[in-house]
Amino acid sequence: MFVALAASTSAQPQSSALELANPLFGVDGGGNTVPGAAVPFGFVSLSPDTTDGSTSGYGSNGLIIGFSATHVSGTGGAGKYGNFRVTPAIGDEAWGNRAFPKSREEARPGYYAATIGRPGKEIRAELTASRLAAFERFAFPAASDARIILDASATIPLGGGGPRCDGGSVTAIDSRHVASSMTCEGGWGKQAPYTLHLYAEFDRPAVEFGRWTSKRGSFARVPGPGTSAGGDTRKGLDNGLGAYATFDTRQNRTVRMRVGVSFVSVEQARRNLGSASFDEARAQAEKLWADALGTVEVEGGTGEQRRIFYSALYRGQLMPHDLSGENVWWRSDEPHYEDFFTIWDTFRTVNPLLTLIQPQRERDMVRSLLDTYRHTGWLPDARIAGATGPSQGGSNGDVLIADAIVKGLGGFDEKLALEALLKDGDVQSDDPMNHGRELKDYLSLGYMSLSQTRSASRTLEYAFDDYAIASAAAKLGRRDIAKRYAARSRAWTNLWDPKLHCIHPRYADGRWLENFDCGHEYPDQTAEWWDHPFYEGSSRQYSTFVPHNVGGLMQQLGGKERFVGWLDSFFDERAYNHGNEPDILAPWFYIHAGRPDRTAERVRSIMAEDYHDRRDGLPGNDDAGTLSAWYVWAAIGLFPNAGQPFYYIGSPVFSRSMIHLEHGRSFVIEAPEASAADLYVQSAELNGNPLDRAWLTHEEVAKGGKLVLHMGPHPSGWATNSPPPLQLVKP
């Protein structure tokens, strides 16, 4: 059922992007976003941890247990990080159960604040950050025993299911300085350990300081300078290790703390601390966010749409984390990014968005991935804290790399890139759960059989990855490779059931899986999470995952009209799931059948039903900005088909959107009549010339220009006969 958006209020005054973006949007309801302070792509994500926290460490209804320096945003699974938690408290409340009520929360890009504690002992906590440093300011009540507790052994608790530390050390250097090194493991991804180092500085001497250790039911302090070891939390979170500092706040109620972190060393952490004050760091963080959010300017729409938009644009620029200069895993001068969490998610919306609005960032990410291939032997599909994996579907780093090649992003070694792609496509992985592919069945049978885990969904993923390789090879002049991989990209048809009209898993001998229901969603209780024929979804959802061969899917279904009817049933029967990734491109497929009006209706409904400017305003895990970036694209009226150099034209909610591109260029989308009622494109002009197609090439967008869309309340005959092209190669 079509649900219209609220009426446009374009006459209302426009607020700045910094005022509109709200880091608290999406923190609850499964969005799992981080509400705290960070700079764009910064590793330090200084954010509150609570007693009911998700993978982000935070839940709105919980008590605050402190503020840790490292987090991931919008993720599912087991979470990661939560290192070096700092908790302010008064008197003996610092030593035991550090869990405090919160009030007066405030969050802006680069800044977070809250009041914690019970009446009479309330503390105002303010946070800001740089790329590798955390800045904390605490306003205590007047007290002789205002304390700051550093938990060096902290990680995201997750009810016992998060990462753990296997121990380290903490050093109370003097009354103003603390250092620590801690090795942790577990959580999401491989169990590979990582070591983080800390150097902390208070703005004034403590009246008392030292180290502490804890075990279940006990807490011991060691006053004065020195080093303590411990903090092995693998057998229990109670085995803590940290430092403390006590301040007299009867005359000066404010205590400031700066914390530098590093994967390299304590000395590097000290250098990462820099010399900025809290206010200087906050001003710099706000400037960086003003620049990042200023990459797209919008006018019109409703106040809620603008707030959702800029909050989404904010979340799309948090990860992966820029750890250039912090690569301890191999020696290299290349840019280094960690916490690709995961490319299976982000290749669809985030990375294509960065190609337009943050092209140098995207180049550096591509270079980092290729450097990872050079030193580990494989492109990762996911990577965090120095370890790759797990691969949820295919070798989707292929799509990210191919997207950069076919769009002419440049600035990286394209010969090395093709080499990395071909290794994924041609070489059997020694560890397909974490990199590369399982190729035996796929190459011999033309599909992955039920003797392999995730057999049907991986067949679809591999077919799309193959097309990405074909497109990249064609762009680089290797027609021989392009032809071979284009043929392989039709592997999805080997699982297409013409009777059921969906992807149907098969055994190695060719038999279909018996008692099969196209709408059944996995995982269920019949097998472990990773062992089902479809990964996190149903066949109906995955049957739309042929981004490279929509024309072929249409042919399998019997032509345009039957294809439209098949899509209509998919949406009308609520089989579509916007909270996960496999089918999020499906609303745009109507354009291939000459029905941009249906795309407009579906996309507007999804935006209205699944996105809201509130704490539970996302339909699922944001997945490092993937669902947020979907909204950014949809709201301006464009959408990428990743790995292919074109964009669909949809139904913008804003009267004007300006995308700032490289070299001073910009691309403008004007839809002056756009409103809740006027959602259908009646006619269009590109740079003053009539345009009768619902797609643009990447070149048309990247060189700058203006797209004008004339909107109306009823479907028109616009763009009914010019489907998007199969780019570069034909599968």
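The values are calculated or read from the model by the stated rules, or taken from the named source; none is laboratory data. These numbers come from a predicted model, not from an experiment. Heads up, the Cβs are rebuilt from the backbone with ideal geometry, glycines too, and the neighbour counts pull from every protein chain shown.
A few comments on the model shown:
- Checked against (1) among the charged types (D, E, K, R); (2) closer than 19 Å to ALA486 by Cβ; (3) in contact (Cβ under 8 Å) with a residue 40 or more places away in the chain, ASP441 passes all but a single condition, namely (2).
- For the residues GLY394, GLY389, the requirement of being at pLDDT below 95 and under 17 Å from the mean Cα position of the chain (by Cα) singles out GLY389.
- Search result, residues across the range 76-106 that are touching a Lys or Arg at 6+ places or on another chain (Cβ under 9 Å) and among the hydrophobic types (A, V, I, L, M, F, W, C): ALA89, ILE90, ALA94, TRP95, PHE100
- Which listed residue, of GLY579, GLY620, is outside the structural domain of ASN641 (by TED's automatic domain parsing), among the small types (Gly, Ala, Ser), farther than 15 Å from PRO23 by Cα and assigned to a loop (DSSP other than H, G, I, E, B): GLY579
- Between TYR462, TYR447, the distinction of being under 23 Å from ARG540 (Cα atoms), of a type outside the set (A, V, I, L, M) and part of a loop (DSSP other than H, G, I, E, B) belongs to TYR447 only.
- All conditions in (1) modelled with pLDDT of 95 or more; (2) in a loop (DSSP other than H, G, I, E, B) hold for ALA487, with the sole exception of (2).
- Only one of the numbered conditions (1) assigned to a helix (DSSP H, G or I); (2) more than 18 Å from PHE347 (Cα to Cα); (3) touching a Gly at 6+ places or on another chain (Cβ under 7 Å) is violated by MET433, and that is (1).
- Within the range 410-430, if we keep just the residues that are free of Cβ contacts under 8 Å to residues at least 40 places away in the same chain and in a loop (DSSP other than H, G, I, E, B), the residue that is surrounded by the fewest Cβ atoms within 10 Å (Cβ to Cβ) turns out to be ASP430.
- Among (1) of a type in the set (S, T, N, Q); (2) crowded, with 23+ Cβ neighbours inside 10 Å; (3) under 30 Å from ILE669 (Cα atoms), the one test that THR295 misses: (2)
- Condition check for PRO672: farther than 30 Å from ASN61 by Cα, assigned by TED's automatic domain parsing to the domain that holds ALA719, under 28 Å from the mean Cα position of the chain (by Cα) and in a loop (DSSP other than H, G, I, E, B): no
- Among residues of the range 587-597, those that are assigned to a helix (DSSP H, G or I) and over 23 Å from ALA676 (Cβ atoms), counted: 3
- Residue within the range 647-659 that is closer than 24 Å to SER73 by Cβ and touching a residue at least 24 places away in the same chain (Cβ under 8 Å) present: yes
- Verdict on THR626 being more than 20 Å from the chain's Cα centre (by Cα) and over 16 Å from ILE669 (Cα atoms): no
- Inter-residue pairs, beta-carbon under 7 Å, first in the same structural domain as GLY393 (by TED's automatic domain parsing) and surrounded by fewer than 23 Cβ atoms within 10 Å (Cβ to Cβ) and in the range 520-544, second β-branched (Val, Ile, Thr) and modelled with pLDDT of 95 or more, 6+ apart: none
- Condition check for ALA600: within 21 Å of the chain's Cα centre (by Cα), outside any loop (DSSP other than H, G, I, E, B) and either crowded, with 24+ Cβ neighbours inside 10 Å or assigned by TED's automatic domain parsing to the domain that holds ALA482 (or both): no
- Residue in the range 706-725 that is modelled with pLDDT under 95, touching a helix residue (DSSP H, G or I) at 6+ places or on another chain (Cβ under 9 Å) and either in a loop (DSSP other than H, G, I, E, B) or surrounded by 22 or more Cβ atoms within 10 Å (Cβ to Cβ) (or both) present: yes
- Scanning the range 440-475 for residues that are under 25 Å from ALA404 (Cα atoms) and more than 25 Å from the chain's Cα centre (by Cα) yields a total of 5.
- Selected residue [crowded, with 21+ Cβ neighbours inside 10 Å, in contact with a Leu (Cβ under 9 Å, 6 or more places away or on another chain) and not β-branched (Val, Ile, Thr)] from LEU686, LEU679: LEU679
Yes/no matrix, rows are residues, columns are (1) closer than 23 Å to ASN396 by Cβ; (2) touching a residue at least 60 places away in the same chain (Cβ under 8 Å):
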{"residue": "PHE571", "(1), (2)": "no, no"}
{"residue": "HIS578", "(1), (2)": "yes, no"}
{"residue": "PRO582", "(1), (2)": "yes, yes"}
{"residue": "LEU585", "(1), (2)": "yes, yes"}
{"residue": "ILE591", "(1), (2)": "no, yes"}
{"residue": "GLY594", "(1), (2)": "no, yes"}
{"residue": "ARG598", "(1), (2)": "no, no"}
{"residue": "ARG604", "(1), (2)": "no, yes"}
{"residue": "GLU609", "(1), (2)": "no, yes"}
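- Any hit, the range 477-489, residues being under 29 Å from GLU662 (Cα atoms) and in the same structural domain as TYR542 (by TED's automatic domain parsing): yes
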